[in-house]
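Here the structure is laid out as structure tokens; the discussion comes afterwards.
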Amino acid sequence: MPLFPNERSVRTTPEGLLWEPSERWVRGLKGDVTVVDSRHPVLVWEPDLPVPCYAFPREEVRTDLLSPAKNPPTGSHTGSQIFYDLQADGEQVENAAWTFPSADLAGHIAFEWFWRWGTGLDQWFEEEEEIFIHPRDPHKRVDAMPSSRHVQVEIDGTVVADTMRPVLLFETGLPIRYYVPREDVRLDLFESTDHHTGCPYKGTAQYWTWRGDGEVPRNIVWSYAEPLPAVGPIKGMVAFYNEAVDIVVDGERLKRPLTPFTKSLKS
């Protein structure tokens with residue numbers, strides 16, 4: 001049963017976890033086997049991670065498919081001590097699930113998603129929609145809005161994009177991303193790579209790298225060929241990491257922001 005089913009505020013545990021009940025129907029599958037089928041999930045934010053995970057009431061998990069972990073990563077997941085290996089669909093997944101040490105979440109089991117360890121279940125669904133990478137944060141918004149601002153993008157003084165019809169993507173906690181129609185981008189100055197990333201709010205992105213000289217990070221340009229419906233206006237358009245290029249909007253040169261991507265782009 002849900003914890004405090006009539007209350008929606010986020011709570012904090014002594015261990016530093018944030019959590020709140022969710023009203024979404026969530027299912028997790030390994031192959032053809034439904035491992036989780038929950039109408040009372042709980043969203044949990046760990047103090048050292050920027051995105052939430054789900055924890056599920058034990059009675060809504062196929063616990064018969066779980067066994068005590070043979071090689072538990074003790075100390076991870078905010079000091080969790082109890083981990084489980086999963087045996088399902090003819091495959092064993094080590095440390096696929098765990099319980100948090102907090103008394104507030106007693107009786108709940110959490111599962112790994114692909115984005116962190118590369119292990120976990122094969123598919124996750126909220127209602128009938130498949131969800132990728134990690135659960136969506138209900139306190140985060142992602143809005144794609146067509147605009148008539150004049151946007152120019154420069155790399156080492158070269159104008160690589162110039163448009164009066166961008167789509168501005170506003171995402172909580174990140175700078176505005178300026179998406180530019182392909183015909184307004186000098187894609188001949190870039191080469192495509194095999195790099196791809198997934199986002200539960202936008203979909204799967206493909207990337208390009210700068211062909212020119214200079215200390216320019218790889219994969220600074222991306223596009224969503226088939227974005228999720230909520231951000232449909234960015235379909236096929238091209239965006240640049242504000243952290244690594246110079247962007248001029250309506251004649252104003254923007255300051256390069258410091259974000260979680262800043263360090264990774266330099267590595």
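The values are calculated or read from the model by the stated rules, or taken from the named source; none is laboratory data. Treat the numbers as computed from the prediction; the structure is a model and nothing was measured. In this analysis, Cβ positions are derived from the backbone assuming ideal geometry, glycine residues included, and neighbour counts consider all displayed protein chains. Quick note on the areas: whole protein, heavy atoms, side chains included, nothing else; ligands and nucleic acids left out. Shrake-Rupley method; radii C 1.70, N 1.55, O 1.52, S 1.80 Å.
Summary of values
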read-out: Peptide ranges 85-97, 224-236 listed from the most packed, as the mean C-beta count within 10 angstrom indicates; value: 85-97, 224-236
read-out: Label corresponding to Rg/Rh (Cα atoms, Kirkwood Rh) when calculated from the structure given, among (i) 1.03; (ii) 0.99; (iii) 0.93; value: (i)
read-out: Area accessible to solvent at His40, 1.4 Å probe radius, in Å²; value: 50 Å²
read-out: Test item: Cα-centred dipole of the chain, Lys/Arg +1 and Asp/Glu -1 on Cβ, debye; value: 580 debye
read-out: Summed residue charge, Cβ within 11 Å of Glu15's Cβ, Lys/Arg positive, Asp/Glu negative; value: -2
read-out: Segment Arg186-Lys266, extension gain: residue separation times 0.36 nm, minus the distance between their alpha carbons; value: 26.5 nm
read-out: Cα centre as origin, Lys/Arg/Asp/Glu Cβ charges: region 81-175 dipole, Debye; value: 560 debye
read-out: Residues of type aspartates and glutamates that Lys263 reaches as a straight line, Cα spacing below 15 Å, ignoring anything fewer than 8 places off in the same chain; value: Glu215, Glu243
read-out: Karplus-derived HN-Hα couplings along region 171-182 (A = 6.51, B = -1.76, C = 1.60, θ = phi - 60°), whole Hz, x at Gly and Pro; value: 10, 3, x, 10, x, 4, 9, 9, 9, 10, x, 4
read-out: Heavy-atom accessible area order for Met145, Met237, largest first, 1.4 Å probe; value: Met145, Met237
read-out: Rounded percent of accessible protein surface that carbon and sulfur make up, the chain, 1.4 Å probe; value: 51 percent
read-out: Residue-normalised accessible area of the chain, expressed per residue, 1.4 Å probe, Å²; value: 50 Å²
read-out: Dipole axis of the chain (+1 Lys, Arg; -1 Asp, Glu on Cβ), positive-most option in Thr262, Phe111, Pro138; value: Thr262
